[in-house]
1. Looking only at the stretch 44-64, decide whether some residue is surrounded by fewer than 11 Cβ atoms within 10 Å (Cβ to Cβ), assigned to a loop (DSSP other than H, G, I, E, B) and touching a Lys or Arg at 6+ places or on another chain (Cβ under 7 Å).
2. Among the numbered criteria (1) surrounded by 16 or more Cβ atoms within 10 Å (Cβ to Cβ); (2) modelled with pLDDT of 90 or more, which single criterion is violated by Lys112?
3. Which one is modelled with the highest pLDDT, of the residues in the stretch 89-109 that are closer than 23 Å to Leu49 by Cα and not basic (Lys, Arg)?
4. For the stretch 65-101, which positions are under 15 Å from the mean Cα position of the chain (by Cα), farther than 25 Å from Gln44 by Cα and either surrounded by fewer than 14 Cβ atoms within 10 Å (Cβ to Cβ) or in contact (Cβ under 8 Å) with a residue 60 or more places away in the chain (or both)?
5. Considering only residues that are farther than 30 Å from Thr116 by Cα and either in contact with an Asp or Glu (Cβ under 8 Å, 6 or more places away or on another chain) or modelled with pLDDT of 80 or more (or both), which ones fall in the stretch 1-58?
6. Could you list all residues from the stretch 61-87 that are within 17 Å of Arg114 (Cβ to Cβ) and of a type outside the set (Asp, Glu)?
Amino acid sequence: MHQQQANSTAPYRGRPREHSSSFIKPARADMKARETALRSALLQAQLDLGKRDYPMIIVIGGLPGAGKSELVHRLNEWLDPRFVDTSAQWRHSDEEEDRPYFWRFWRHMPRKGRTTIFLGSWDTRLLH
């Protein structure tokens, strides 16, 4: 059993392991085309949800140095800024210490037809 797991080509729970050598980086032109399509789809989703008075929440979380701020900056460029709010959730304020943990997120929940981007999420404490 241990020898099979040590072999990088051995199946792992019925699935083959992925290798970094099998990853092929797409061409720059392909990446730009995909980015344009994703940008259009995201903007269209925002507008469709807004017409129906549904709120949209985008949560960006992860480890330090993973490019979260750059992603939020890009999302703010892509989406219609009239309907977007961004909330950075890193350190607790003195006011938040006396309230339930999720209060800091509740107060930034989007209204009907609006989008809120959370930089930092409610599960960040679990990651560290």
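The values are calculated or read from the model by the stated rules, or taken from the named source; none is laboratory data. As the structure is a prediction and not an experimental result, all values here were calculated from the model. Please note: Cβ atoms are built from the backbone with ideal geometry, for glycine as well, and neighbour counts cover all protein chains shown.
1. yes
2. Failed condition: (1).
3. Per the stated criteria, the residue is Met109.
4. Correct list: Gly65, Ala66.
5. Just the residues of the stretch 1-58 that are farther than 30 Å from Thr116 by Cα, to begin with: 1-29.
Answer for the stretch 1-58, where residues must be farther than 30 Å from Thr116 by Cα and either in contact with an Asp or Glu (Cβ under 8 Å, 6 or more places away or on another chain) or modelled with pLDDT of 80 or more (or both): Ala27, Arg28, Ala29.
6. Within the stretch 61-87, Val72, Leu75, Asn76, Trp78, Leu79, Pro81, Arg82, Phe83, Val84, Thr86, Ser87 qualify.
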